[in-house]
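K.L.:
Okay, here's the structure, questions in a sec.
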Amino acid sequence: MSKKIKKRLIWISSILVPLLLLIYFLSPSISVEMVGNGVFEKEQNASNFQKSNKMYYVTVSEKNLEDYSIKKISLVDDKNQEITIQKKDLFSEAKTVLWFYGKPHSNYKLVYHIQKKNDTDQTVLRKTFSTADKPSNLEDVNQIVDKKVKDEFNKKIKNSILNKTKEMTKSINVYYTPSQKELESIQQAYTETFIRDLSGYKVHMDTATSDGYSFTVTSKWSEPDINDLNRRIDERENQLKQEVGHDYAQLYKRIIDELPDLIRQTPKTTTIKENKSIFKVGRIDSKAIEKNYHFSELNLLDDDFGDPISNILL
């Protein structure tokens with residue numbers, strides 16, 4: 001091959017390759033970013049996740065479709081049977097999420113029928129994708145989040161009531177300083193009696209979408225009749241003064257010892273308070289939520305459920 005021909009080929013290549021690359025990068029195309037299962041909307045019943053686990057989603061990235069109209073989007077399985085698209089969400093300007101009832105370990109083909117604006121010719125874009133062998137389970141996610149949030153809820157209740165119990169006992173510290181064990185006994189009695197044994201506590205999964213899960217935590221508590229409690233504390237103090245005289249250290253130690261039982265005997269008022277907190281968890285594996293997700297920053301309850309403790313008069 002002559003040098004002249006070689007130079008010409010090199011010149012043609014230098015023009016052709018960039019041109020082909022330019023055509024490739026400017027041509028309309030679709031690609032699959034993410035495929036998963038386990039999605040439902042708020043109006044759907046989430047008490048049974050079996051149906052929702054069968055609902056799959058595919059996130060489609062659309063490139064260079066600005067000058068085209070999407071005439072039809074269809075989905076077919078490996079037998080070329082069309083699958084009904086249950087929902088289509090425009091996730092962003094160039095990203096669409098499709099929902100469909102699918103199966104694990106299966107192959108699907110996504111078909112876009114597009115037409116250039118001010119033109120009659122149509123183009124078909126195709127992209128295949130597969131579903132995972134082992135699908136995710138919304139029940140696992142719900143149970144893990146429920147347990148972790150409940151643990152955090154209990155910890156926050158304990159810490160908040162314990163702190164307010166310490167504040168409440170400051171008025172007698174000049175005579176007697178309660179031990180940590182005594183403070184925790186008071187805290188436990190208050191929690192068991194007025195935080196309604198967590199019967200009003202509930203974590204509910206509201207939605208599951210391609211970008212995460214949303215939950216609502218509901219908690220209830222009953223306000224204690226502090227006036228009744230203070231009246232009985234006064235009565236007991238007067239009785240103890242007959243026994244211990246002016247030995248205030250002994251007097252207040254006895255009161256602190258008996259305070260948990262006095263709290264348990266305190267009637268509830270008719271006021272029931274309820275707190276709701278909504279939060280989201282990213283779309284990650286249930287094991288990753290269990291291992292890495294923390295809810296310490298979550299505002300699970302109003303702090304005023306422990307306020308009545310501050311009104312206990314010693």
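Every read-out reported here was derived from the displayed coordinates using simple, explicitly stated rules and does not represent laboratory data. This one's a predicted model, so the numbers in the text were calculated from it and none came from an experiment. Ideal geometry is used to build each Cβ from the backbone, glycine not excepted, and the neighbour counts take in all protein chains shown.
K.L.:
Using the 10 angstrom Cβ neighbour count as an exposure proxy, how do 99, 221 rank, fewest first?
P.N.:
Going from sparsest to densest Cβ surroundings: 99, 221.
K.L.:
Modelled label-to-label distance, residue 218 and residue 64, 7 Å Cα→beta-carbon offset: nm?
P.N.:
Modelled inter-label distance: 5.3 nm.
K.L.:
Here is a further query. Kindly state, as a whole number, the per residue volume in cubic angstrom of the convex hull around the alpha carbon atoms of the stretch 138-310.
P.N.:
Given the Cα convex hull of the stretch 138-310, per-residue volume reads 111 Å³.
K.L.:
If you don't mind, there's one more thing I want to ask. Semi-axes of the chain's equivalent ellipsoid from the Cα gyration tensor, sqrt of 5 times each eigenvalue, largest first, rounded to whole Å?
P.N.:
68, 22, 15
K.L.:
How far apart, in nanometres, would the label points at residue 42 and residue 127 be if each is projected 7 angstrom from Cα along the Cα-to-Cβ direction?
P.N.:
Result: 2.9 nm between the two label points.
K.L.:
OK, next. If each DSSP helix of 4+ residues adds -39,500 (n - 2.57) and the sum is divided by the residues in the chain, what number results at 222 nm, nearest 500 deg cm²/dmol?
P.N.:
The per-residue figure over the chain is -12500 deg cm²/dmol.
K.L.:
Among 286, 31, which comes first, then next, by fewest other beta-carbon atoms within 10 Å?
P.N.:
Placing the least packed residue first, the sequence is 31, 286.
K.L.:
So what's the angle, to the nearest 10 degrees on a 0 to 90 scale, between helix 3-26 and the longest Cα principal axis of the chain?
P.N.:
40 degrees
K.L.:
Got a sec to turn the phi values of the stretch 237-242 into Karplus ³J(HN,Hα) couplings, 6.51 cos²θ - 1.76 cosθ + 1.60 with θ = phi - 60°, whole Hz, x for Gly and Pro?
P.N.:
Taking θ as phi minus 60°, the curve returns 4, 4, 5, 5, 4, 5 Hz for the stretch 237-242.
K.L.:
Distance check, please: which entries in 170/220; 51/79; 158/280; 42/147; 87/202; 79/148 exceed 32 angstrom between their Cα atoms?
P.N.:
79/148
K.L.:
Given the options 250, 269, 142, identify the residue whose Cα lies farthest towards the positive end of the charge dipole of the stretch 138-310 (+1 on Cβ of Lys, Arg; -1 on Cβ of Asp, Glu).
P.N.:
In the stretch 138-310, that residue is 142.
K.L.:
Now for a different question. Note the angle between two axes, namely the Cα long axis of helix 248-264 and the longest principal axis of the Cα atoms of the chain, as a number of degrees from 0 to 90, rounded to the nearest 10.
P.N.:
Between helix and principal axis, roughly 50 degrees.
K.L.:
Under the √(5λ) rule applied to the eigenvalues of the Cα gyration tensor, what semi-axes describe the equivalent ellipsoid of the stretch 29-130? Give them in Å, descending.
P.N.:
Working from the Cα gyration tensor, I get semi-axes of 27, 15, 11 Å.
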